[in-house]
Amino acid sequence: MADYKEILNKATAEATDFINNPSRMDALLEQLEEKLRSVPAIGETISELPVMVAMVKSWIKKEYQVSGKVLATMVGAFIYLVKKKDLIPDNIPVIGIADDLAVLGLALKFVEPDVKAYKAWKAGQ
């Protein structure tokens, strides 16, 4: 159990660093969007990722407010998707993307009400 706590603390610290550095965050989001172009669309989980990216970009531009916990959850998932340190390497056909989808699915489950609120806000623009 201590290993998971250490991993979570490390990931939270890294996400906080990205959150506090807008240029680093923007580069991460660009890398994430590039990676998405090569990933086949898989269900609703992956279809919400561009909305999450737009939500973070709106936060960066100070157009939309979101809690730090929600922001850290999304950015942490983005970091996992972009960085090469996967539990299952992406180059393994089919299952290589499974851990990415699992992380994204967990993040989305946590932030889903916020994503829905953002979509409603964006539709009202």
Next item on the list: Go through the range 42-125 and tell me which helices (runs of 4 or more DSSP H), entirely inside it, have 2 or more residues that are under 10 Å from the mean Cα position of the chain (by Cα) and surrounded by 13 or more Cβ atoms within 10 Å (Cβ to Cβ).
Entry: 49-60, 68-82, 98-123
Next item on the list: Kindly provide the set of residues from the range 59-72 that are closer than 23 Å to Ala11 by Cβ and in contact (Cβ under 8 Å) with a residue 12 or more places away in the chain, ordered by number.
Entry: Trp59, Ile60, Val66, Ser67, Gly68, Val70, Leu71, Ala72
Notebook entry, point to check: Taking into account only those residues within the range 27-41 that are within 20 Å of Val111 (Cβ to Cβ) and open to solvent by less than 70 Å² (accessible area, probe 1.4 Å), which is modelled with the lowest pLDDT?
Noted result: Val39
Next item on the list: Could you run through the range 65-80 and say how many residues are in contact with a Phe, Trp or Tyr (Cβ under 8 Å, 6 or more places away or on another chain) and farther than 16 Å from Glu48 by Cβ?
Entry: 2
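The values are calculated or read from the model by the stated rules, or taken from the named source; none is laboratory data. These numbers were taken from a predicted model, which means no experiment stands behind them. Neighbour counts are summed over all protein chains in view; Cβ atoms, including those assigned to glycine, are modelled from backbone coordinates with ideal geometry. SASA here: full protein model, heavy atoms, side chains in, ligands and nucleic acids out. Shrake-Rupley method; radii C 1.70, N 1.55, O 1.52, S 1.80 Å.
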